[in-house]
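Written below as structure tokens is the structure these notes are about.
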Amino acid sequence: MEHTSKAEESRHGLSNTHPIDVTWGDCDAAGVVFYPRYYAWFDTCTHALLSSADLDHHTLRHTYGLMGTPLVRASADFRSPATFGDRLRATSVIVRVGQKSFTVEHSLYLETRLVVEGSEVRVWAVADPSNAKKISARTIPTNVRDALMGKKRE
């Protein structure tokens, strides 16, 4: 039975699919993927998603002066196990774009079996001009908001 994920049900923003090969180092002593690896893969998938819209890390830093898009919230629902040698298909979708933050939902599958669903909330962050050791959230530029929402450039 094929499962429809939350991300697929609410698909309305930028989306991307990314393959993930599970290595032995991703697994715990029981031979299943160690749960923190999913969070690392969510991060990788978010960067692949942004890159698919020409918003790679270099562009974010050099064009928009961003320090990055740090996490302010992350969660995961573990549905079924994955193990060494599996090739997962990760689907990532922007499901919300706010003034200073955006939400990405991830669904990782082994063939048609849902393995994990996750969500990340990230902020548009620049260096704080009053303190170089701090960052501040800023308003996401309109053209970036449009790209995150999946609007095509004309």
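The values are calculated or read from the model by the stated rules, or taken from the named source; none is laboratory data. Just so we're clear, the structure is a prediction, and the values are computed from it rather than from any experiment. Cβ placement follows ideal geometry from the backbone for every residue including glycine, while neighbour counts extend to all protein chains displayed.
Restricting to region 23-46, and then to whatever is of a type in the set (A, V, I, L, M, F, W, C) and under 18 Å from the mean Cα position of the chain (by Cα), can you tell me which residue is nearest to residue 74 (Cα to Cα)? Applying the filter and picking the extreme gives 42.
Given the structure, is residue 25 closer than 23 Å to residue 110 by Cα, assigned to a loop (DSSP other than H, G, I, E, B) and modelled with pLDDT of 95 or more? Here the answer is no, as residue 25 does not meet what is asked. Can you name every residue in region 96-107 that is touching a Ser or Thr at 6+ places or on another chain (Cβ under 7 Å) and crowded, with 19+ Cβ neighbours inside 10 Å? Within region 96-107, 104, 105, 106, 107 meet the criteria. Scanning region 112-141 for residues that are among the polar types (S, T, N, Q) and either under 28 Å from residue 36 (Cβ atoms) or modelled with pLDDT of 90 or more (or both) returns 112, 119, 136, 139.
For region 32-46, the criterion of being surrounded by 16 or more Cβ atoms within 10 Å (Cβ to Cβ), of a type in the set (Ser, Thr, Tyr) and touching a Lys or Arg at 6+ places or on another chain (Cβ under 9 Å) is met by at least one residue.
Name the single residue, out of those in region 127-136 being part of a strand (DSSP E or B) and surrounded by fewer than 16 Cβ atoms within 10 Å (Cβ to Cβ), that is farthest from the chain's Cα centre (by Cα). Looking at the filtered set, the residue picked out is 131.
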